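Let me begin by presenting the structure, written as structure tokens, before commenting on it.
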Amino acid sequence: MALDEKLLDILVCPQDRGALLLIGDEYLYNPRLRRAYRIDDGIPVLLIDEAVEITDDAEHQRMLDRASGEAG
């Protein structure tokens, strides 16, 4: 289930209040903090405690590539 564009425009990271990148229909990603918030059945789970921290530089780059529409 895809997220609505209007919803994406207003969603922000709960920690730094910055914009999030949509990664497929799986995650909303904050590249500044390297945190990925999962999307369950079309519903973003924007809980800091449940975010996945991306510490690996290659994985971070894959997330950015996927957000820009490249294969990854």
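Remarks
- Inter-residue pairs, beta-carbon under 6 Å, first open to solvent by less than 60 Å² (accessible area, probe 1.4 Å) and in the range 45-70, second part of a loop (DSSP other than H, G, I, E, B), 6+ apart: 46/14; 54/34; 60/34; 60/54; 65/72
- Residue 38 fulfils the conditions (1) modelled with pLDDT under 95; (2) surrounded by 15 or more Cβ atoms within 10 Å (Cβ to Cβ); (3) within 10 Å of the chain's Cα centre (by Cα) except for a single criterion, (1).
- Selection count, the range 1-30, where residues are part of a loop (DSSP other than H, G, I, E, B) and open to solvent by 40 Å² or more (accessible area, probe 1.4 Å): 9
The values are calculated or read from the model by the stated rules, or taken from the named source; none is laboratory data. Every value quoted in this text rests on a predicted model; they were computed, and no experiment measured them. In this analysis, Cβ positions are derived from the backbone assuming ideal geometry, glycine residues included, and neighbour counts consider all displayed protein chains. Keep in mind that these areas ignore ligands, DNA and RNA; they rest on the heavy atoms of the full protein, side chains included. Shrake-Rupley method; radii C 1.70, N 1.55, O 1.52, S 1.80 Å.
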